[in-house]
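Structure first, commentary second.
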Amino acid sequence: MENFVFYNPVKILFGKGQIANIGAEIPSDAKILITYGGGSIKANGVYDQVKSALAGRNVFEFGGIEPNPHLETLMKAVELIRKEGIDFLLAVGGGSVADGTKFIAAAVNFVGDPWDIMAKGAAVTSALPLGVVLTLPATGSEMNTNAVITKWETQEKLYFSSPFVFPKFSVLDPETTFSLPPRQISNGIVDAFTHVMEQYLTYPVNAPLQDRMAESILKTLIEEGPKTLANPTDYDARANLVWSATMALNGLISVGVPQDWTTHMIGHELTALHGLDHAQTLAIVLPSTLKIRCDRKWQKLLQYADRVWDIVGGSEAQRVDAAITKTRDFFESVGVHTHLSDYGVGVETIPAVINNLEKHGMTALGENKDVNPQVVEKILALCA
Ligand code: NZQ
Ligand code: ZN
């Protein structure tokens, strides 16, 4: 096992009715900005719950944060915060609202062009405190330090990570997710599954606890994902999806082990270029990444085949192939298609994706830092 430091201070308020308790988590004299997306929270009653939990408090609002949140929109919130002297942010929505709010929190006190935080890795040295009321299980943003932001002007989608943007608390009430359309549930299952795979499906470093935790999240998603799709208001199935998605990317399973993230970095470029949902890009790229890198990932693929998919018969090569096929079939079975052509994107996009990865300095991806542009080309060719 590699050395590691683990730190995660996010307080989780999990379960029915927990929104009512947020008042106690926010300083009583805070000037609060509620941030939200395109209006789902107004249609499903979450907005009303938040407002009533904060009745009598000094509350401002900023709506209109789009999926794959835009820098240009978020900077308007930064202006509002500076003008009004707001000192606490409450993100109410999915990963895009949570990520956008993390960026806003970091940008308010940033000296210079805040896009440099993503584009040049400029250091974040402070951020406004923030809380999250999560309405879409998928990204893990509610319990991690990451945010992915899109600059609309240049069609770039880049991430940053800083311990200053850990939420102070996150509310996970599965009932707030009952209003999600099937496409977003499917996306959540695939995103969480792929987060685990990025941290698990590399090479063995004798870390059986991390491996078994990762495998248990994968197996839970395989069992509970179809249940919650079939019965969207089955509380227990949804609760299991919500907690799986949080556990998939809160840092716990990545301690002391190598990580890949090739699929995510290629996926972000596909979203930036073609507007595909984040999880759609992952469903396309992950099976091909596993296939093209199977020599490097051989031992873990065999372990994954055995422990996650119960594949025990046949040669090693047959088991590896079967596990990759099972992965693709699982994504398709929960309703997320796995080929570029399913989304009307052709292989002619490959040079543009590679060009953008090069521009963003992502020419040595993966757990071995050997996924170079030639390898990305092979992966994408297999995604057709
Ligand atoms: O904008 P509203 O009206 O709220 O509608 C949203 C949006 O249209 C809707 N929605 C959310 N909760 C709902 C709901 N509709 C009905 N009922 C509810 N309860 O769902 C749509 C998609 O929302 P979005 O927040 O974009 O989805 P998701 O949570 O999947 O977030 C995706 C973003 O997170 C980034 C992705 O790149 C993408 O930008 N990621 C963030 C990560 C992180 N911070 O660690 C890691 C991930 O790998 C990912 O990259
Ligand atoms: Zn993701």
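The values are calculated or read from the model by the stated rules, or taken from the named source; none is laboratory data. Because the structure is predicted, anything quoted here is derived from the model rather than measured. All Cβ positions, even for glycine, are placed from backbone atoms using ideal geometry, and neighbour counts span all protein chains on display.
Where residues in the range 6-46 are within 23 Å of L128 (Cα to Cα) and of a type in the set (D, E, K, R), which of them is farthest from the chain's Cα centre (by Cα)? Top of the filtered list is D29.
The strands (runs of 3 or more DSSP E) falling completely within the range 128-210 that include 1 or more residues that are within 10 Å of ligand 1 (Cβ to nearest atom) and of a type in the set (F, W, Y) map to 156-161.
Using the structure shown, decide if K219 is of a type outside the set (S, T, N, Q), over 25 Å from T177 (Cβ atoms) and either in contact (Cβ under 8 Å) with a residue 24 or more places away in the chain or within 16 Å of ligand 1 (Cβ to nearest atom) (or both). No; evaluated as a whole, the condition is false for this residue. Listed by first and then second residue, the pairs linking a residue in the range 139-156 that is within 17 Å of T271 (Cβ to Cβ) and charged (D, E, K, R) to a residue that is more than 14 Å from ligand 2 (Cβ to nearest atom) and assigned to a loop (DSSP other than H, G, I, E, B), with Cβ atoms under 9 Å apart and 6 or more places separating them unless they lie on different chains, are E156/H360. Beta carbons closer than 7 Å, at least 6 apart along the sequence or on distinct chains, pair a first residue in the range 324-347 that is under 13 Å from T194 (Cβ atoms) with a second that is among the β-branched types (V, I, T) for R328/T338; F330/I222; F331/V190; F331/T338; V334/I189; V334/V190; V336/V190; T338/I284. For the criterion of being surrounded by fewer than 24 Cβ atoms within 10 Å (Cβ to Cβ), modelled with pLDDT of 95 or more, within 9 Å of ligand 1 (Cβ to nearest atom) and not charged (D, E, K, R), T125 fails. What residue, among those in the range 174-225 that are among the charged types (D, E, K, R) and within 16 Å of ligand 2 (Cβ to nearest atom), is nearest to F6 (Cα to Cα)? Of everything passing the filter in the range 174-225, E198 is nearest to F6 (Cα to Cα).
In the set T281, T289, only one residue is over 17 Å from V148 (Cα atoms), among the polar types (S, T, N, Q) and touching a Ser or Thr at 6+ places or on another chain (Cβ under 6 Å); that residue is T289.
For the range 239-260, the count of residues that are within 16 Å of ligand 1 (Cβ to nearest atom), more than 22 Å from H360 (Cα to Cα), buried (at least 24 other Cβ atoms within 10 Å of the Cβ) and not hydrophobic (A, V, I, L, M, F, W, C) is at least one. Checking each residue of the range 63-78 against the condition of being among the small types (G, A, S) and at negative phi gives at least one match.
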